[in-house]
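Here's the structure, in structure tokens; my notes come after.
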């Protein structure tokens, strides 16, 4: 455990230049701090990302949690038409019609992982791909952009979040209105507190 904490602290130094010249500096730095805290508090559980795309944030989760299973939930083929139609019907996003996240694959993502042996790929439509996955989680990134998968992600992951764990929900501002709406609905229904990060795409953080 102490060795993992030292590794994370060393990452802060090695990533400092890259992080603070990145558009996603706050989210990356927050992940490092959260991971360090999870190990210091001995919070159990796996880690996961819903909405992986090319794996740029997933690879950082993989590095920060080198001894934990990392579940990767994604179609790896872009948005599912069911979620796009729901987004348009509710007038949550104008950008979703032109957004294209098809230029990725499982191979592209796994090739970025430092510890690919820890990765469990769940390709397909969420939450169908979560059937049979009963693990508890210490950290989850939800980066699915659209209302329905984000809301379903919270419904699935938050009850399985260990005490002391965190969920980051990305893209809760700008042209993607569904993310913020999904978080607000879930938080109101279950009386869950949350707070925003001051990052480019307004990540919202839930903890337990």
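Every number here is computed from the coordinates shown, using simple stated rules; none is lab data. The model shown is predicted, which means the values in this text are computed figures rather than measured ones. No Cβ is skipped: glycine too gets one built from the backbone with ideal geometry, and neighbour counts run over all protein chains shown.
Tell me the label-point distance for the pair residue 187, residue 23, using the 7 Å Cα-to-Cβ offset, in nm and rounded to one decimal.
Distance between label points: 2.4 nm.
Hey, can you rank 43-56, 178-191, 111-124, 23-36 by average C-beta count inside 10 Å, highest first?
Most protected by this proxy first, the peptides run 43-56, 23-36, 178-191, 111-124.
Compute the label zone of residue 91 within the stretch 165-208: residues whose backbone N is under 18 Å from the point 7 Å along Cα-to-Cβ.
Residues 174-182 fall inside that zone.
Cβ neighbours within 10 Å, averaged per peptide: list 142-154, 81-93 in order, most packed at the top.
Highest mean packing first, the order is 142-154, 81-93.
If you bin every alpha carbon distance in the chain into 5 Å steps from zero, what whole percent lands in each bin?
Histogram of Cα-Cα distances, whole percents per bin: 1, 7, 16, 20, 22, 18, 10, 4, 1, 0.
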